[in-house]
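A.B. asks: First the structure, which I've put down as structure tokens, then a few questions once you've had a look.
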Amino acid sequence: MSENIHNFLVELGTEELPPKSLLTLSTEFRNQLEASLKNLGVAFNSVSPFASPRRLAVLIEGLPATTPVKSVTVWGPPANVAFADGKPTKAAEAFAAKNGISVAELTTASDGKVEKLKCDVKTGGESLTQLLPGLVDHALAQLPIAKRMRWGSKRDEFVRPVKWLVMLFDEQVIPCTILGVTSGNQTRGHRFHCNRTLTIPSATAYKKLLLEEGKVIADFNERRDNVRKQVIATGEKLGGQAVIDPDLLDEVTALVEWPVALAGRFEERFLAVPAEALISSMKEHQKYFHVVDKKGALLPHFITLANIESADPAQVIAGNEKVIRPRLSDAAFFFETDKKQALTDHREKLRNVVFQAQLGTLFDKTERIAVLAGFIARKLGADDRWAERAGRLSKADLATAMVYEFADMQGIAGFYYGQDDGEEKEVYWALKEQYLPKFAGDELPSTTTGAIVALADRIDTLAGIFGLGQVPTGSKDPFGLRRASVAVLRILVEKGYDLDLRDLLEEAVELYPSLPQGKKCIDVALNYMLERFRAWYEEQNIPAVVYQAVAAKGINNPLDIDNRVQAVAAFYQLPEAEALAAANKRVSNILAKQPVTDTTVNDALLQEPAERDLAQQVAAAKQKVEPLFAKRQYKEALAELASLRAAVDLFFDKVMVMAEDPQLRANRLALLAGLRSLFWEVADISQLAVSQ
């Protein structure tokens, strides 16, 4: 190894770390150390994080022995203060002493304002072994730990009690005490396969030593890949396909140091229970992966990850099968018990469940959802009977034992119970799809009734909460109004529903007996919802000015807004866009000072060839684009209007708009107003000139 290149290893050994936050803790530990080194100007080759249930570690390779040395100019007092009658004053002597130089070495220079004392001082050169303990201590203090704990009589705090600390610079231990533990070069192997200390010969030997002697796969990503491959292979051996949930995969990886996949089985009679309930029980309570056949149907198998290579794996499997049986029996019991009552009976229980203290019960909410769903259905020409029925039953399953035990079964339980009750297919599918989309990028409801109920539910919530004046601020959004707003926009745009948001909000507000904000909340809610479009289009890499150009129209129909935004975005890419946007800006400024009420152009008053040409082209363009506007073919209309660029440029180059003759001036203003009105049919194109 070069004398100038060194490697550093820090490992914090603890009691079992929380599995759901292990990866986050590891990533942040690495990021904090990396950021601290960069702040010091220290270069390095690579940073490798390690994380397992009992350890957080980071290996940094290619480090120098010291921080970089650099020269810094230090300014002192003004020269007229530092010297009196050519002799140094106490101010000069103090400045020299502070910077470790003699008075004779002092020089003066101008800092751009006044003549001052100055000296060049070298900084850096500190030994990294002296700095690293502080950097590690700082990094650990910055970790995102919701609740820190103390242990024993110590005052130190961390997410779990700390058992050992490794601080190695190449082969040398960096002596220090962090979180009450003295550093060394000893780690610990697997709790069962290698329950002893292991001496680490050098920083870079860490990973191999733990793997070969310690029976620990320290690298989280490698261990996760190992788990994934084992689970997939085990699923194939069972004649099916293992379903790997990413969050469950991370959690299981955080629970084991030496993963061993084992397959278990449960009784086929449990397959009569909704698969989602069985999967939820296996996943949430036991951390099992489920297996499906080629058609996606659940198989009576599960895959678990042991943290040990057992001499008798059959016993481990039998133990897991014994544990899962009562869990699945509970799910079966809840399912059979719930089916003894119809969803309409379960719905009655909602009369005692509060939705929001000032907005009534969940029963009241379903009444409003039903009316609003019927209203939306009629607007779309859909079956309002199905929409109203689904709306009334939408929250009924929240009163069932199944959903009480398995919260993620809401909607899904209603689907199965509605099916069992003999409800229409559109109705019970709507009960399942009402919560879609649940997150960014999630699928939308596949049925019209499902989409209608999803809209009605969210709009009712938005109207009610805004009606109380509870506008989301910062990260405080207890009713998920941001997510609800985006879901409404997505459904309306992606399903192609031609609906006006103001109409929907007005109808929703009317359904409440009284709201503190009254109808004032409609504008607030509407603006809040439409503002979500900004982030939406940012993700599509559409410039902000494009949305602003459309927003200037004050349109409340999300589908129409999206059509216009996509059209303006395409226009924005055209070579003619810049000039036409600038021309529209110029026209807007002129008309702001000289308002025009009549855009009729008198051909007899057209004198200059450039204005006659523009008038002819504007009239011809109007004939072509008006049918396109009627069909909302905005992209095609703007493409047609782009052909006006040359005529517009020539007009402004050759024609004096503000002519002295008032009739001539008025006619030219009418021509420009007519030109602007064609673009305004789509958006305020002048907004595009802002960033040009």
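Values quoted throughout were computed directly from the atomic coordinates according to the rules given, and no laboratory measurement underlies them. What you see is a predicted model; the values in this text were computed from it and never measured. Virtual Cβ from ideal backbone geometry, glycine too; neighbours counted across all protein chains shown.
A.B. asks: Measure out, as a whole number of angstrom, how far apart the alpha-carbon centroids of the range 333-408 and the range 154-225 sit.
C.D. replies: 54
A.B. asks: Next question. Could you tally the net charge around Trp75, taking each other residue with its Cβ under 14 Å from the Cβ of Trp75, Lys/Arg +1 and Asp/Glu -1?
C.D. replies: +1
A.B. asks: How far, in nm, would the chain grow between Lys38 and Ile244 when pulled straight, counting 0.36 nm per residue and subtracting the alpha carbon separation?
C.D. replies: So the chain would gain 70.4 nm between Lys38 and Ile244.
A.B. asks: What do you get for GluC sites (Glu not before Pro) in the range 1-53 restricted to DSSP loop and a cutoff of at most 11 other Cβ within 10 Å of the site's Cβ?
C.D. replies: Filter output for the range 1-53: Glu3.
A.B. asks: Compare the peptides 355-368, 36-49, 379-392 by average per-residue count of other Cβ atoms within 10 angstrom and give them in order, highest first.
C.D. replies: My ranking of the peptides, most packed first, is 379-392, 355-368, 36-49.
A.B. asks: Right, here's the next one. For the chain, just the Cα set please: Rg and Dmax, both in angstrom.
C.D. replies: Calculated on Cα positions, Rg and Dmax stand at 35.6, 106 Å.
A.B. asks: Ok, one more. Could you check what % of the DSSP bridge pairs in the chain are antiparallel, to the nearest 5?
C.D. replies: Given both bridge residues lie in the chain, the antiparallel proportion sits at roughly 95 percent.
A.B. asks: Among Val81, Thr123, Thr108, which residue has its Cα furthest toward the positive end of the charge dipole of the range 58-126, with +1 on Lys/Arg Cβ and -1 on Asp/Glu Cβ?
C.D. replies: Val81
A.B. asks: Let me ask something else about it. So how far, in whole Å, is the C-alpha centre of the range 25-39 from the one of the range 574-616?
C.D. replies: 59
A.B. asks: Continuing with the same structure: Would you mind getting me the FRET efficiency between Thr597 and Thr66? Use the beta-carbon distance for r and R0 = 51 Å, nearest 0.05.
C.D. replies: For Thr597 and Thr66, the calculated efficiency is 0.10.
A.B. asks: Turning to a different aspect of this structure: Can you run phi through the Karplus equation (6.51, -1.76, 1.60; θ = phi - 60°) for the range 570-581 and list ³J(HN,Hα) in whole Hz, with x for Gly and Pro?
C.D. replies: Once θ is set to phi - 60°, the couplings for the range 570-581 become 5, 4, 4, 7, 6, x, 7, 4, 4, 5, 5, 5 Hz.
A.B. asks: Label points 7 Å out from Cα along the Cβ direction at Arg502 and Lys624: separation in nm?
C.D. replies: With each label placed 7 Å out from Cα toward Cβ, I get 3.3 nm.
A.B. asks: Moving on. Compute for the range 330-384: radius of gyration divided by Kirkwood radius, i.e. Rg/Rh, restricted to C-alpha atoms, rounded to two decimals.
C.D. replies: Ratio of gyration radius to Kirkwood radius: 1.14.
A.B. asks: Between Ala642 and Asn527, what FRET efficiency follows from the Cβ-Cβ distance if R0 is 22 Å, with the result rounded to 0.05?
C.D. replies: With a Förster radius of 22 Å, E is 0.10.
A.B. asks: Can you list the HN-Hα couplings for the range 50-64, worked out from phi with the Karplus curve (6.51, -1.76, 1.60; θ = phi - 60°), rounded to whole Hz and with x for Gly and Pro?
C.D. replies: Each residue of the range 50-64 in turn: 9, 7, 9, x, 10, 7, 10, 9, 9, 10, 10, 10, x, 8, x Hz.
A.B. asks: Still on this model: Considering only Cα-Cα distances, which of the following residue pairs are longer than 23 Å: Lys20/Lys237; Lys294/Lys339; Lys38/Lys122; Lys20/Lys287?
C.D. replies: Violating the 23 Å limit, Cα to Cα: Lys20/Lys237; Lys294/Lys339.
A.B. asks: Another question about this same structure. Which Cα, out of Ala96, Gly469, Thr24, lies furthest along the positive dipole direction of the chain (beta carbon charges, K/R +1, D/E -1)?
C.D. replies: Ala96
A.B. asks: List the pairs from Lys476/Lys553; Lys520/Lys631; Lys520/Lys553; Lys365/Lys432; Lys208/Lys283 whose alpha-carbon separation is above 25 Å, in the order I gave them.
C.D. replies: Pairs exceeding 25 Å: Lys476/Lys553; Lys520/Lys631; Lys208/Lys283.
A.B. asks: Using a Förster distance of 22 angstrom, determine the FRET efficiency expected from the C-beta separation of Glu126 and Ala205, and round it to 0.05.
C.D. replies: 0.25
A.B. asks: Can you compute the charge dipole magnitude of the range 73-123 about its Cα centre, using +1 on each Lys and Arg Cβ and -1 on each Asp and Glu Cβ, nothing else charged? Give it in debye, rounded to the nearest 20.
C.D. replies: My answer is approximately 120 debye.
A.B. asks: Where the only charges are on Cβ atoms (+1 Lys, Arg; -1 Asp, Glu), what is the dipole of the chain about its Cα centre, to the nearest 20 debye?
C.D. replies: With only Lys, Arg, Asp and Glu charged at Cβ, the dipole is about 1340 debye.
A.B. asks: Can you tell me how much longer the chain between Asn4 and Asp477 gets when fully stretched, taken as 0.36 nm per residue apart minus their C-alpha distance, in nm with one decimal?
C.D. replies: 165.0 nm
A.B. asks: Continuing with this model, one more query. Amide H to amide H, which residues 5 or more places from Glu126 or on other chains are under 5 Å from it, using H placed in the peptide plane?
C.D. replies: Placed amide hydrogens put Thr67 under 5 Å from Glu126.
A.B. asks: Can you sort Tyr417, Tyr497 so the residue with the fewest Cβ neighbours within 10 Å comes first?
C.D. replies: Starting with the residue having the fewest Cβ neighbours, the order is Tyr497, Tyr417.
A.B. asks: Stretch Lys154-Asp661 to full length: gain in nm at 0.36 nm per residue minus the Cα-Cα span?
C.D. replies: Full-extension gain reported as 173.4 nm.
A.B. asks: Continuing with this model, one more query. Measure out, as a whole number of angstrom, how far apart the alpha-carbon centroids of the range 44-61 and the range 67-143 sit.
C.D. replies: 37
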